[in-house]
Amino acid sequence: MTRPSPDSPGSPAAPTGVDELRDLPLDPDLAGAVTRPADPAARAGGAIAGGRRSRWPRLQWRIVGAVAGGGFVGGIVRYGAGLAWPTRAGTFPWSVFAVNTAGAFILAVLLVLVLEVLPPTTYLRPVLGTGFCGALTTFSSVVTAVDQLAVHRHPGLAAGYLAASVAAGVAAASFGVLTGRSVAAYHEKAKG
């Protein structure tokens with residue numbers, strides 16, 4: 001027995017979860033500033049052939065460009081760190097460890113400042129959070145390094161590197177939140 005498509009006549013409505021997600025603001029910082037059309041077809045970019053509405057999101061090319069620009073700079077910084085601090089086979093990958101730890105700290109500080117201190121902005125989180133920190137930090141490189149260390153018969157170093165990366169990332173993010181909240185408290189105190 002096949003289930004009817006949500007788009008077929010007489011079938012139950014699409015799951016509310018999808019519609020609820022479509023109604024969320026693109027950037028929670030701008031919840032009041034970004035308005036979406038009430039008509040679902042207009043919100044989805046219009047109807048497509050057969051009267052169905054598209055399930056594809058509409059891209060905002062300026063935000064995509066902001067993410068790409070931030071990603072370009074973050075990738076350059078990461079590449080520069082790898083060149084300045086190369087890792088020999090069978091040794092602890094300090095450059096990957098350092099950029100991932102720094103990125104966790106930067107992202108935590110950024111999010112606290114964006115949410116609690118700075119005025120609403122469209123581009124700050126996409127440029128610095130998604131773009132720069134996304135390209136700077138590559139936790140997939142942690143897995144690659146662990147695999148390479150294990151293959152080259154350094155299982156203890158591989159396990160230590162994995163544990164140190166997780167611990168340093170959590171510690172850096174925690175310290176970043178603490179730092180950001182300290183800045184936010186200072187900012188509140190200075191205002192009032």
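The values are calculated or read from the model by the stated rules, or taken from the named source; none is laboratory data. Computed from a predicted structure; not experimentally measured. FYI the Cβ positions are ideal-geometry reconstructions off the backbone, even for glycines, and counts take in every protein chain you see.
All conditions but one from (1) over 20 Å from the mean Cα position of the chain (by Cα); (2) within 30 Å of His187 (Cβ to Cβ) apply to Ala150; the one that does not is (2).
Ala159 passes every criterion in (1) closer than 28 Å to Thr87 by Cβ; (2) in contact (Cβ under 8 Å) with a residue 24 or more places away in the chain apart from (2). Of all residues in the range 120-142, none are in contact with a helix residue (DSSP H, G or I) (Cβ under 7 Å, 6 or more places away or on another chain) and without any contact (Cβ under 8 Å) to a residue 12 or more places away in the chain. Across the range 114-155, the qualifying residues are those that are in contact with a Lys or Arg (Cβ under 8 Å, 6 or more places away or on another chain) and in a helix (DSSP H, G or I), and the one among them that is farthest from Gln60 (Cα to Cα) is Glu116. When the range 172-192 is examined, which residues are found to be assigned to a helix (DSSP H, G or I) and free of Cβ contacts under 8 Å to residues at least 40 places away in the same chain? Matches in the range 172-192: Leu178, Ser182, Ala185, Tyr186, Glu188, Lys189, Ala190, Lys191. Go through (1) surrounded by fewer than 17 Cβ atoms within 10 Å (Cβ to Cβ); (2) closer than 23 Å to Gly80 by Cα; (3) of a type in the set (Ser, Thr, Tyr) one by one and return the number of the condition Ser141 breaks. Result: Ser141 fails condition (1) only.
Looking at the range 159-181, which of its residues are over 23 Å from the mean Cα position of the chain (by Cα) and either more than 15 Å from Val96 (Cβ to Cβ) or not assigned by TED's automatic domain parsing to the domain that holds Thr91 (or both)? Explain how you work it out, then say what you get.
Taking the range 159-181 first, the residues over 23 Å from the mean Cα position of the chain (by Cα) are 159-161.
Result: Ala159, single match.
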